[in-house]
Amino acid sequence: MKAVFLLFDSLNRHALSPYGGTRVPTPNFARLAQRAVTFDRHYVGSLPCMPARRDMQSGRLSFLHRSWGPLEPFDNSFPELLYGAGIYSHLITDHHHYFEDGGATYHTRYDSFDFVRGQEGDPWKAIVAPHWDRLRDMYHEKQFTTERREYLSQYIINREFIREEKDFPSVQCFTKAFEFLDLNRGADGWLLQLETFDPHEPFHAPDRFRDAYPSGWNGPVRDWPRYGRVDELPEECEELRANYYRVVALCDYLLGQLLDYFDEHDLWRDTALVLTTDHGFLLGEHDFWAKNRMNLYQEIVHIPLFIYHPAQAGAGTRRKSLTQTIDLAPTWLGLFGVAAPAEMQGHSLLPLLSTDRELRGGALFGYFGGAVNVTDGRYTYHRYPPDLRAQQINQYTLMPTHLWERFTPEELRNAELAAPFSFTKGVPLLKVPVTNTSPMYNVYGPGALLESETRLFDLEKDPGQERPLADDAVERDMVALMRDLMIENDAPPEARARVGL
């Protein structure tokens, strides 16, 4: 068996034609859907980027115990488990979060990896004295800074070196994937994880995609929306959305190149292909941009998934089964005949390729320190603590690093050793109280959230989540489902108490 795992970042399912998108033609996503099984109720687990990847690798939810951080010593990792079974894994990525403090244990689980530089704030090109006077006129004031070590300023510097289409990191990722396939397509027993940061912000695409999606904007570069409420002028909003659509069009083009390669070398005969994302992205819906600041709406959490298996029927069909990110690890293990460890909460999706059936009664998802969220496929329920800033929460970890930095001495001063959880393989953990001075608190933690109202939505009658539902009986059922899933996850007692469970 051979497999290609194509992972995009921040890919909104509503932009794709197989999911009803019309704003951007995506013929190659449609082309894949004709070959694959398309999943209609696929959800995230832990958010955002690296927490989602921890779920993908470990096969279990992490957001109830830990915010953004590395894989833990007790975590299962599907590429390591594949290695133990003699299966080779290779990672190609331009996702620079793998190489920061909060992600530095993920890429080394693969047998080999390629890192393409230059996306977003990747500290790539070094210019000690940039020509800020010239650059200031090129970029919108809301995405310009001269502050060192800021993502915004590093992006401006990186972009000076991304001129031709071949220079774009996502294009380079696919070029490296074709190099891998040229070298290895005749071999058996491998998994290629081809991952690109696109269409994550900033939304930078080659000129030909810009020309194809005009917005009427004649101002400076405006391709990086601020996380939070929409307060831009209408013409700015149109340019921001258009830039996202341009990058989605680039992703569709790159996918088409991969499908062409499968056609040319008949990889459909013996190679599985899976495509998904870590989470979606708000483009003004609910009056918000992006993620991390608001309730977890469908545009963020309801994500695309396509699975092609060369030995199973189901081409061009769809599945209503409720699935989520934690199902990927056991699916990869099942594909290569490797047993899933007991700690994995996810389920292999391989049985669903031949028939639709209920895999789980509910899916739990969320940010660490935010609402606990659950869906049964019909309803979504978002339950917040009474006061986000007064709640008691703790991080449980043996790898005390945040996104960009280590835990501070102040954070660790009150840490204590906690007893093992059911999934830590007998290993005790540091229990670190969360304070409002933590580096994560106002970036992707409780202090960053602008909404904190518990809500219930009926997705069948209100797919846009515009009218919160008041139904005591349904809410009781969703609370019971949430409680059961939290117990199954072995959530810490304070994680249940903070939301009144």
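The values are calculated or read from the model by the stated rules, or taken from the named source; none is laboratory data. These numbers come from a predicted model, not from an experiment. Glycine also receives a Cβ, built like all others from the backbone with ideal geometry; neighbour counts cover every protein chain displayed. Accessible surface areas use protein heavy atoms only, side chains included; no ligands, DNA or RNA. Shrake-Rupley method; radii C 1.70, N 1.55, O 1.52, S 1.80 Å.
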| query | Condition test on ARG41, is it in a strand (DSSP E or B) and out of contact with any helix residue (DSSP H, G or I) (no Cβ under 9 Å at 6 or more places or on another chain)? | reply | yes
| request: Go through the residues of the stretch 88-97 one by one and say whether even a single one is closer than 26 Å to ARG406 by Cα, part of a loop (DSSP other than H, G, I, E, B) and either in contact with a helix residue (DSSP H, G or I) (Cβ under 7 Å, 6 or more places away or on another chain) or open to solvent by 20 Å² or more (accessible area, probe 1.4 Å) (or both). | output: yes
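Could you list all residues from the stretch 121-140 that are of a type in the set (Asp, Glu) and either at pLDDT below 95 or farther than 30 Å from TYR88 by Cα (or both)?
Applying the first criterion (of a type in the set (Asp, Glu)) to the stretch 121-140 yields 122, 133, 137.
ASP133, ASP137 - these are the residues of the stretch 121-140 that are of a type in the set (Asp, Glu) and either at pLDDT below 95 or farther than 30 Å from TYR88 by Cα (or both).
If you take just the strands (runs of 3 or more DSSP E) that sit entirely in the stretch 406-501, which of them hold at least 3 residues that are open to solvent by less than 60 Å² (accessible area, probe 1.4 Å) and more than 18 Å from ALA371 (Cα to Cα)?
Numbers: elements: 416-418, 429-433, 455-458.
Filter on the stretch 406-501 gives 429-433.
Can you name every residue in the stretch 1-12 that is within 14 Å of VAL247 (Cα to Cα) and either open to solvent by 30 Å² or more (accessible area, probe 1.4 Å) or not in a strand (DSSP E or B) (or both)? Explain how you work it out, then say what you get.
First pass over the stretch 1-12, keeping only residues within 14 Å of VAL247 (Cα to Cα): 8-12.
Across the stretch 1-12, the qualifying residues are ASP9, SER10, LEU11, ASN12.
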| request: Go through (1) surrounded by fewer than 19 Cβ atoms within 10 Å (Cβ to Cβ); (2) closer than 21 Å to LEU398 by Cα and name the single condition ALA129 misses. | output: (2)
| note | Flagged in the stretch 98-126 as open to solvent by 10 Å² or more (accessible area, probe 1.4 Å), of a type outside the set (D, E, K, R) and part of a loop (DSSP other than H, G, I, E, B), in numbering order, are ALA104, THR105, TYR110, GLN119, PRO123, TRP124, ALA126
| message | Out of the residues in the stretch 195-231 meeting the condition of being part of a loop (DSSP other than H, G, I, E, B) and free of Cβ contacts under 8 Å to residues at least 40 places away in the same chain, tell me which one is most open to solvent (accessible area, probe 1.4 Å). | response | ASN218
| field | Residue satisfying condition, being touching a residue at least 24 places away in the same chain (Cβ under 8 Å), within 30 Å of ASN28 (Cα to Cα) and out of contact with any helix residue (DSSP H, G or I) (no Cβ under 8 Å at 6 or more places or on another chain), within set LEU333, LEU352 | value | LEU352
